[in-house]
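Data first, discussion second: the structure below is written as structure tokens.
The values are calculated or read from the model by the stated rules, or taken from the named source; none is laboratory data. Just so we're clear, the structure is a prediction, and the values are computed from it rather than from any experiment. Cβ placement follows ideal geometry from the backbone for every residue including glycine, while neighbour counts extend to all protein chains displayed.
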Amino acid sequence: MSVTFTAPQFSTARRAPARAEVVAHGITTDRLAGDEPLPPGLDRADLGRLGFEAKAGQVQVVPVEGRLVAAVGLGGADDLSTDGLRRAAAALARAVRSRRSLATDLASVVAGADGPVESDGVAAVVEGLTLALYRFGYQSTGSRKGGADRLARVSLVGSTAAGVRASVERAEAVAAGVVLARDLVNEPGGSLTPPKFANRVRRMARERGLTVKVMDEAAIRRARLGGLLGVNRGSTQPPRFVELTYTPKGRPKGTLALVGKGLTFDAGGLSIKSGQGMMDMKMDMGGAAAVVGAMSALPDVAPRCRVRAYLPMTDNMLGGDATRPGDVLTIRNGKTIEVLNTDAEGRLVLADALSLASEAKPDAVVDLATLTGACMVALGPKIGGLMGRGDGFLEQVERASSNTGERVWRLPLPGDYRSMVDSPVADMKNIGGAYGGAITAGLILGEFVPDGLDWAHLDIAGPAFADADDAEVVRGGTGFGVRLLVDLAASFTA
Ligand code: BES
Ligand code: MN
Ligand code: ZN
């Protein structure tokens, strides 16, 4: 059994409860430089001696009358953003945890008791505190089990207005979605097989009141998902294809389709990866995990559009009957693909999923996929690649990205690059040339979305997995995309 992470419970309060073991105050450099008194327990001269300058992310914890008071640096007041607050909350969480025993009770003063608390700011604090404390592991010993490492309750001190409480609840649901996505990504490929992945999604759907349909191998064959079957051919694990639907109360304002790459492990197939290249490939279902996490939050966020999710699940192995380089696969929409590199498998399963998603005639489609190393070369480990068609819709995706701090950057899909995937024996081959690998992958996906349908493709090969802790990100699966997708659904206009 892996260590299960339990998120803190958040509440709003007018003042810090007496039982709180830690009381945290955000301090801007402006406030530290001024001469208004600091919050009780904090003293300018003392903080100065301890080296506290209120720099963003700096945290100083001082004992005051039997409890701890934390000064949390916020940097300059003019530069303060929701990203900065999320980062500061994450730093606070880590600082509190680094004390020998983690307090179970924390009061975080988000604003002066009389000042209005911006809902976005409160949400960022909930996300930062929860996500930075996230843990996953199979350690048999240590303090990670049980309560010693657990922040149980957080009081957000400031406004208790209904709107603020609603945004705290919404942020808790979104953070729980990110935690679910991380747990799924972190689960090793040998234990999260496609059937187990599908079962876990089914359980979540029932708990959250979403509609769920799971196709087994026979149903996948009847649906002629030739890409998914071709990738699955080298595996002893059967594939799955899961569809989820969120239906809003009242008349739906359009339909958004979400597609997620669900490779529970990518060995590369017969075009086998190196040992090093395979090490983190349990994360190759990070797109599907992000979609599942976002779907789990929707009932609490209650967007007014319908949202349908399409999740192809398989691993990419090298069994005796694995797809051979040179094989030609027929995708759901009838188009054919010559497989010249079995490690370019994501586009094959996404081709089927995008075809199915498009057949249901949604108003827009987004796919998320840990698709190419080339996208990591282009944008580095923390920024996703954004491609697609329909500028208005792509702008909605960019807005959701900047609202949530999950960074993406536009790459083009130039029509004259399409010839790079021409095949002498099929409608296309599954690889391009030596350069522009993120783009040629995007162009192949575009063959399975009809012209005129708004479509965004997010290549999250970089940001889906982290090598080190960084702000609210914890080493391992990041849950990248959950926040962006929820924000997109909440504001989607067809
Ligand atoms: N899942 C990988 C992409 C990947 C690589 C994700 C590194 C995260 C980190 C994908 O299936 C793959 O193997 N892509 C190949 C495509 C190539 C063979 C055209 C790649 O990027 O090398
Ligand atoms: Mn691959
Ligand atoms: Zn892959």
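Restricting attention to region 292-321, the residues being assigned to a loop (DSSP other than H, G, I, E, B), buried (at least 22 other Cβ atoms within 10 Å of the Cβ) and of a type in the set (A, V, I, L, M) number 1.
Which of (1) surrounded by 19 or more Cβ atoms within 10 Å (Cβ to Cβ); (2) farther than 30 Å from residue 131 by Cβ does residue 414 not meet, given it meets every other one? All conditions are met except number (1).
Among the residues of region 356-379, those that are surrounded by fewer than 24 Cβ atoms within 10 Å (Cβ to Cβ) and either under 19 Å from residue 241 (Cβ atoms) or more than 14 Å from ligand 3 (Cβ to nearest atom) (or both) comprise 356, 358, 359, 360, 361, 362, 363, 377, 378, 379.
Going residue by residue through region 418-436, is there one that turns out to be over 27 Å from the mean Cα position of the chain (by Cα), more than 16 Å from ligand 3 (Cβ to nearest atom) and among the aromatic types (Phe, Trp, Tyr)? Yes: one or more hits. Please work out which residue is farthest from residue 177 (Cα to Cα), limiting yourself to region 119-143 and to residues that are of a type in the set (S, T, N, Q) and in contact with a helix residue (DSSP H, G or I) (Cβ under 6 Å, 6 or more places away or on another chain). Checked region 119-143; the qualifying residue farthest from residue 177 (Cα to Cα) is 119. With the structure loaded, tell me whether residue 460 is within 16 Å of ligand 1 (Cβ to nearest atom), under 20 Å from residue 291 (Cα atoms) and surrounded by fewer than 24 Cβ atoms within 10 Å (Cβ to Cβ) or whether it fails that test. Spelling it out, it is not the case that residue 460 is within 16 Å of ligand 1 (Cβ to nearest atom), under 20 Å from residue 291 (Cα atoms) and surrounded by fewer than 24 Cβ atoms within 10 Å (Cβ to Cβ). For the criterion of being among the aliphatic types (A, V, I, L, M), out of contact with any helix residue (DSSP H, G or I) (no Cβ under 7 Å at 6 or more places or on another chain) and within 16 Å of ligand 3 (Cβ to nearest atom), residue 311 fails.
For region 311-346, which residues satisfy the criterion of being touching a strand residue (DSSP E or B) at 6+ places or on another chain (Cβ under 8 Å) and closer than 15 Å to residue 264 by Cα? 311, 312, 313, 314, 315, 316, 317, 343, 345, 346 - these are the residues of region 311-346 that are touching a strand residue (DSSP E or B) at 6+ places or on another chain (Cβ under 8 Å) and closer than 15 Å to residue 264 by Cα.
Pick from 441, 468: which is assigned by TED's automatic domain parsing to the domain that holds residue 342 and either at pLDDT below 95 or in a helix (DSSP H, G or I) (or both)? Sole residue among the options that is assigned by TED's automatic domain parsing to the domain that holds residue 342 and either at pLDDT below 95 or in a helix (DSSP H, G or I) (or both): 441. Taken over region 411-438, the criterion of being within 16 Å of ligand 2 (Cβ to nearest atom) and either outside the structural domain of residue 367 (by TED's automatic domain parsing) or assigned to a loop (DSSP other than H, G, I, E, B) (or both) is satisfied by 430, 431, 432.
Taken over region 356-401, the criterion of being closer than 14 Å to residue 287 by Cβ, more than 16 Å from ligand 2 (Cβ to nearest atom) and among the β-branched types (Val, Ile, Thr) is satisfied by 365, 366. Hey, any hits in region 387-409 for a residue that's within 16 Å of ligand 3 (Cβ to nearest atom) and either surrounded by 16 or more Cβ atoms within 10 Å (Cβ to Cβ) or farther than 17 Å from residue 227 by Cα (or both)? No: zero hits.
If I filter region 322-335 for residues that are farther than 22 Å from residue 454 by Cα and within 15 Å of ligand 3 (Cβ to nearest atom), do I get at least one hit?
Filtering region 322-335 down to residues farther than 22 Å from residue 454 by Cα leaves 322-330.
Keeping just the survivors that are within 15 Å of ligand 3 (Cβ to nearest atom) gives 322-323.
Looking through region 322-335, at least one residue is farther than 22 Å from residue 454 by Cα and within 15 Å of ligand 3 (Cβ to nearest atom).
Filtering region 466-494 to residues that are closer than 27 Å to residue 186 by Cα and surrounded by fewer than 24 Cβ atoms within 10 Å (Cβ to Cβ) leaves 466, 467, 468, 469, 470, 471, 473, 474, 475, 476, 487.
Note on region 415-429: among residues that are in contact (Cβ under 8 Å) with a residue 60 or more places away in the chain and in contact with a helix residue (DSSP H, G or I) (Cβ under 6 Å, 6 or more places away or on another chain), the one that is farthest from residue 391 (Cα to Cα) is 429.
Is at least one residue of region 443-451 within 16 Å of ligand 3 (Cβ to nearest atom), surrounded by 19 or more Cβ atoms within 10 Å (Cβ to Cβ) and more than 30 Å from residue 93 (Cβ to Cβ)? Yes, some residue in region 443-451 is within 16 Å of ligand 3 (Cβ to nearest atom), surrounded by 19 or more Cβ atoms within 10 Å (Cβ to Cβ) and more than 30 Å from residue 93 (Cβ to Cβ).
Taking the criterion of being in contact with a Gly (Cβ under 9 Å, 6 or more places away or on another chain) and not acidic (Asp, Glu), the only residue of region 40-53 that qualifies is 52.
The listed residues are 69, 64, 126, and the only one of them that is buried (at least 24 other Cβ atoms within 10 Å of the Cβ) and modelled with pLDDT of 85 or more turns out to be 126. Just to be sure before I move on: is residue 464 over 17 Å from residue 341 (Cβ atoms) and not β-branched (Val, Ile, Thr) in the structure I sent? Spelling it out, residue 464 is indeed over 17 Å from residue 341 (Cβ atoms) and not β-branched (Val, Ile, Thr). Regarding region 337-359, can at least one residue be identified that is more than 16 Å from ligand 1 (Cβ to nearest atom), at negative phi, more than 16 Å from the chain's Cα centre (by Cα) and not in a helix (DSSP H, G or I)? Among the residues of region 337-359, not one is more than 16 Å from ligand 1 (Cβ to nearest atom), at negative phi, more than 16 Å from the chain's Cα centre (by Cα) and not in a helix (DSSP H, G or I), which makes the answer no. All of 273, 282 fail the test of being within 15 Å of ligand 1 (Cβ to nearest atom), crowded, with 20+ Cβ neighbours inside 10 Å and closer than 30 Å to residue 428 by Cα, apart from 282.
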